[in-house]
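Report on the structure given below.
The values are calculated or read from the model by the stated rules, or taken from the named source; none is laboratory data. These numbers come from a predicted model, not from an experiment. FYI the Cβ positions are ideal-geometry reconstructions off the backbone, even for glycines, and counts take in every protein chain you see. Protein only, heavy atoms only, side chains kept; ligands, DNA and RNA dropped before computing areas. Shrake-Rupley method; radii C 1.70, N 1.55, O 1.52, S 1.80 Å.
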Amino acid sequence: MRVEQAGDFVERVAQELLAQAAFLFAEIATEPPKFAPGALEARLSFEGPQRGEIRLRTSPEVAAEAAANMLGLEPDDPEVA
């Protein structure tokens, strides 16, 4: 698999994972978006035939919504925070 194909594949998998697990619909950024101070970021490195890193960056509010969705809780549940 070429590097471009691998990148496209990883993007599609990340989008599908977020949609199915957290009920969030992500868009791939062509340029890094501007976030207010306090934005949260997660990084996932991977190795194999290809190496790379996926970065997810979002506001605390969207991160809380994702956590609630994945846990099957309401966004205002204390376990989400």
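For Ser59, indicate whether it is among the hydroxyl-bearing types (Ser, Thr, Tyr), loosely packed, with under 13 Cβ neighbours inside 10 Å and out of contact with any Leu (no Cβ under 6 Å at 6 or more places or on another chain).
Against the criterion (among the hydroxyl-bearing types (Ser, Thr, Tyr), loosely packed, with under 13 Cβ neighbours inside 10 Å and out of contact with any Leu (no Cβ under 6 Å at 6 or more places or on another chain)), Ser59 does not qualify.
Out of the residues in the stretch 6-58 that are touching a Phe, Trp or Tyr at 6+ places or on another chain (Cβ under 7 Å) and under 28 Å from Pro75 (Cα atoms), which is modelled with the highest pLDDT? Full working, then the answer.
Looking only at the stretch 6-58, we keep the residues that are touching a Phe, Trp or Tyr at 6+ places or on another chain (Cβ under 7 Å), and these are 19, 52, 57.
So of that shortlist, the ones also under 28 Å from Pro75 (Cα atoms) come out as 19, 57.
Values: Ala19: 90, Arg57: 85.
The selected residue is Ala19.
Among the residues of the stretch 27-54 satisfying the criterion of being surrounded by 11 or more Cβ atoms within 10 Å (Cβ to Cβ) and within 20 Å of Asn69 (Cα to Cα), which is farthest from the chain's Cα centre (by Cα)?
Selected residue: Ala39.
Filter the stretch 28-66 down to residues that are of a type in the set (A, V, I, L, M, F, W, C) and touching a residue at least 40 places away in the same chain (Cβ under 8 Å), then give me how many there are.
3
Which residues, counting only those in the stretch 8-26, are open to solvent by 80 Å² or more (accessible area, probe 1.4 Å) and either touching a strand residue (DSSP E or B) at 6+ places or on another chain (Cβ under 7 Å) or farther than 19 Å from Gly52 by Cα (or both)?
Within the stretch 8-26, Gln20, Phe23, Phe25 qualify.
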